[in-house]
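Heads up, the thing below is written out as structure tokens.
Read-outs throughout are calculated quantities, based only on the coordinates presented, and are distinct from any laboratory measurement. Small disclaimer: the values here were computed from a predicted structure and weren't measured. Backbone-built Cβ (ideal geometry, glycine too); neighbour counts: all protein chains shown.
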Amino acid sequence: MPHIERTAHVGWDGNVARGAGTLDAVSGAFARLPFSLPSRVGDPGGKTSPEELLAAAHGGCLTMSLAGELTTAGTPPGRLDVAVTIVMDEVEGRVEGVDEAALQAAVAEADAGCPFSQLLKRAGATVTVTARLA
């Protein structure tokens, strides 16, 4: 597998319950995709969620891999249609205070409680999360 590096920017305003964010791809493939807690756990209302993006990424990766395998086997596909559904359960987290030590503790806890971080780590990926106070 060649070295692949892609970057997305995430902005978030407000608390987790009433806040909202946007996602931007440095590639320009998408910009200002809105997401929020309600779009993550309830009716999406035209917004996306980390789970929906993970489903899309996994579906794209799996479909490309399947096309490669079928081609290698001498049966290249004409078309593949794949649906991917991500099912997540709620996890708890807590943050106490806003000083540097509290921030670093909260980031470590968020990383440990983030299903995506854990999924990537279990797959053998190195996940490094850094944060700083602005």
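Key figures
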quantity	calculated
Gaussian network model of the chain, springs between alpha carbon atoms under 10 Å - residue of G60, G124, G19 with greatest fluctuation	G124
Coarse-grained scattering of segment 49-88 at q = 0.19, 0.30 Å⁻¹, given as base-10 log I(q)/I(0) from a Debye sum over alpha-carbon atoms	-0.56, -0.95
Phi to ³J(HN,Hα) by Karplus 6.51 cos²θ - 1.76 cosθ + 1.60 over segment 65-73, Hz, x for Gly, Pro	5, 4, 4, x, 5, 5, 5, 4, 7
Gain in span if fully extended, T126 to T75, counting 0.36 nm per residue against the direct Cα distance	14.9 nm
Trypsin sites (Lys or Arg not before Pro) restricted to segment 1-68 and DSSP loop, no more than 12 other C-beta within 10 Å	R6, R18, R32
Estimated inter-spin distance, F30 and V84, nm [label 7 Å along Cα→Cβ]	1.2 nm
Given the chain, longest segment not containing exposed loop GluC sites (Glu not before Pro) (DSSP; at most 11 other Cβ within 10 Å)	6-89
Estimated FRET transfer efficiency (I4, A112; beta-carbon r; R0 35 Å; 0.05)	0.85
Residue order, fewest to most surrounding Cβ atoms within 10 angstrom, among H3, H9, H58	H3, H9, H58
Share of alpha-carbon pairs per 5 Å distance bin for the chain, given as whole %	2, 8, 12, 19, 20, 17, 10, 5, 3, 2, 1, 0
